[in-house]
Amino acid sequence: MSNIFARSPFIISINEAAQTSSKIEVFLWNGTGSAPTTPTYTVSKAIPSSTNLNCLYNISNYIREYISFNQLSINYDTVNPNTSTLQWCNVRVKRYKNTSTLLYTTDYKAFDGYAFYSDGANYDISKYLLAEGTYYYHYDSATTIDLLRTGTVTVDWTAGYKIKYTNLVTAAVQTYTIASAGVYDLFRVYPTYWSAGNKLEILTGADAVVKTYYFRPITECKYSPVTIDFVNRYGAWQREFFFKATQKNFSVESKDYNLLQTNITSYNQKQGQTKRFNINGRETDVYNSGWVEESFKNTIKEIMLSEKIIVAGTVRTLATKTMKMQTSLNDNNINYTLEFTDAFDTMSNVL
């Protein structure tokens, strides 16, 4: 089964000899249950011309209606839980020639991710919804272990595959197998390896390495690091830490109008000539990543392209629109600052 990343178009093509029209039936459902008995969407069209029989359908917009990241509670504290079924969906597509002749049926899993233009059309990014590499998390030896700090790796799991954690200090190993296929959130860091960090490997049943990640702790003594949770290019929650100084700002917007004076020839100077209305404000904060590796620019791009961002538990929007992608050759030490604004007004005005 291949995966669909629905922020990019996913094109269904039907191009059969002698066809005059075509049809697709799209079945969408969340969770591990069976497909609905009737299609969620049915779309048909005639061929473009007698010399062009190819009928094309983009089903991504239908899929995105079945995926949501509006839940503020991100489950980082349960051992390998199933990923929320609202954050991905099942897709079944039936293709028909001339609206009545069933050609074949294909099943997919769909995530709210995207491919790059350079990847080409209908590109299947991965079953493992985090890019390989090295990631850093905040470690505070005075704090009781809190796995909410480290985040998770979301995977479209293959039954019988294994997870292997290797302690980066002692080289101790913990390995276990998940017997059932499904979409899971794996601990980035094995609980007792929190102070040391670990290498996380995903292995086949025959112990061949499929993916490798490194998670390393950083102790920050001066500043209070903040967590940035965002939906990454794979359509899964990803946690990053910005370790250095935070700058907090507050801005207000309003509209002004000229007052009609009570008496033009003898007005009250304390009344004023203008008045503000529709006053409201928002908090805007600037966060600094601290020193990072050159590859962190890819994470910055994903944050800037994300449609869902939660900073320190609060839903935010990214105010930063442009960013210089730094290199160790040109910039020596690399760090980034991002500006976030509350995704809501300070004064409640929800109607």
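The values are calculated or read from the model by the stated rules, or taken from the named source; none is laboratory data. Source: prediction; values computed, not measured. Please note: Cβ atoms are built from the backbone with ideal geometry, for glycine as well, and neighbour counts cover all protein chains shown.
Does K23 count as buried (at least 18 other Cβ atoms within 10 Å of the Cβ) and farther than 28 Å from S180 by Cβ? Yes; evaluated as a whole, the condition is true for this residue. Tell me, yes or no, whether region 202-214 has at least one residue that is at pLDDT 95 or above and of a type in the set (K, R). Taking every residue of region 202-214 in turn, at least one turns out to be at pLDDT 95 or above and of a type in the set (K, R). Taking the conditions (1) touching a Lys or Arg at 6+ places or on another chain (Cβ under 8 Å); (2) surrounded by fewer than 12 Cβ atoms within 10 Å (Cβ to Cβ); (3) part of a loop (DSSP other than H, G, I, E, B) in turn, T170 satisfies each one other than (1).
Just to be sure before I move on: is Y108 of a type outside the set (A, V, I, L, M), out of contact with any Lys or Arg (no Cβ under 7 Å at 6 or more places or on another chain), outside the structural domain of R239 (by TED's automatic domain parsing) and within 30 Å of M304 (Cβ to Cβ) in the structure I sent? In short, yes.
The residues of region 173-202 that are of a type outside the set (S, T, Y) and assigned to a strand (DSSP E or B), listed by number, are V173, Q174, G182, V183, D185, L186, F187, N198, K199, L200, E201, I202.
In the set (1) surrounded by fewer than 16 Cβ atoms within 10 Å (Cβ to Cβ); (2) more than 25 Å from L129 (Cα to Cα); (3) touching a Lys or Arg at 6+ places or on another chain (Cβ under 8 Å), D342 fails one condition alone, (1). Quick check on this structure: which one of N80, N75, N90 is in the same structural domain as Y41 (by TED's automatic domain parsing), at pLDDT 95 or above and either touching an Asp or Glu at 6+ places or on another chain (Cβ under 9 Å) or part of a helix (DSSP H, G or I) (or both)? Sole residue among the options that is in the same structural domain as Y41 (by TED's automatic domain parsing), at pLDDT 95 or above and either touching an Asp or Glu at 6+ places or on another chain (Cβ under 9 Å) or part of a helix (DSSP H, G or I) (or both): N90.
Of all residues in region 156-181, those that are free of Cβ contacts under 8 Å to residues at least 12 places away in the same chain have Cβ atoms under 9 Å from Cβ atoms of residues that are of a type in the set (F, W, Y), 6 or more apart or on another chain, in V173/Y165.
Looking at region 241-294, which of the residues that are outside any strand (DSSP E or B), touching a Ser or Thr at 6+ places or on another chain (Cβ under 8 Å) and of a type outside the set (F, W, Y) is surrounded by the most Cβ atoms within 10 Å (Cβ to Cβ)?
So the residue we want is S289.
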